[in-house]
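These notes concern the structure reproduced below.
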Amino acid sequence: MSHDISWAELARQARQAAEQAYAPYSKFPVGVAVLASSGRIYTGCNVENASYGGTTCAERNAIAAAVVAGERQFLALMVYTPQTQLTPPCGICRQVIAEFYAPDSPVRSCNHLEQQQEWRLDELLPSAFTPTYLANSSKI
Ligand SMILES: O=c1ccn([C@H]2C[C@H](O)[C@@H](CO)O2)c(=O)[nH]1
């Protein structure tokens, strides 16, 4: 339920996480705050790598931090990038978000100008491949 979500607090924590971004190659810092169904908030930043392909996004790092703390269900996700164009999660991250969030979950982006934009997860990733498909497989 969107009205129970403290978006201002998620924005504050996502912005703080972006300050820790390790982005020497892209110079594109990203911070993310995720709200778990426990009510706890977890954060992540992007961590780049000289191989480029070894880079992990802020979204996946935030979700991984929550999972290692025992979380499995999430209610909301906030992305922070210090740029005027509000940034939605990348394709790989959308898939990882779909693993743990209900399709109608709100995903927001915010910036240093305190602007925000909201999408529903199933708008960002329609017809998602979810764990339920794995249960329906038969032998070849
Ligand atoms: O949703 C996104 C999109 C990009 N990045 C990171 C990956 C890379 O470090 C930099 C540029 O793509 O931003 C994220 O963390 N999240």
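Laboratory data are not the source of any read-out in this text; all were calculated from the coordinates shown. Note that the coordinates shown come from a computational prediction; the quantities given were computed from them, not determined experimentally. Ideal geometry is used to build each Cβ from the backbone, glycine not excepted, and the neighbour counts take in all protein chains shown.
Just wondering, is there one or more residues in the stretch 113-125 that are at positive phi and either among the charged types (D, E, K, R) or part of a strand (DSSP E or B) (or both)? Yes, the stretch 113-125 contains at least one residue that is at positive phi and either among the charged types (D, E, K, R) or part of a strand (DSSP E or B) (or both).
Return a yes/no flag: does the stretch 86-104 have any residue that is of a type in the set (Val, Ile, Thr) and exposed (fewer than 15 other Cβ atoms within 10 Å of the Cβ). Checking the stretch 86-104: at least one residue is of a type in the set (Val, Ile, Thr) and exposed (fewer than 15 other Cβ atoms within 10 Å of the Cβ). Tell me which of these residue 34 doesn't satisfy, since it passes every other one: (1) closer than 18 Å to residue 108 by Cβ; (2) in a loop (DSSP other than H, G, I, E, B). The one condition residue 34 does not meet is (2).
If the condition is being assigned to a strand (DSSP E or B) and either small (Gly, Ala, Ser) or more than 13 Å from the ligand (Cβ to nearest atom) (or both), then the stretch 2-31 contributes only 31. Within the stretch 52-99, being more than 10 Å from the ligand (Cβ to nearest atom), touching a strand residue (DSSP E or B) at 6+ places or on another chain (Cβ under 8 Å) and in a loop (DSSP other than H, G, I, E, B) holds for 69, 71, 73, 86.
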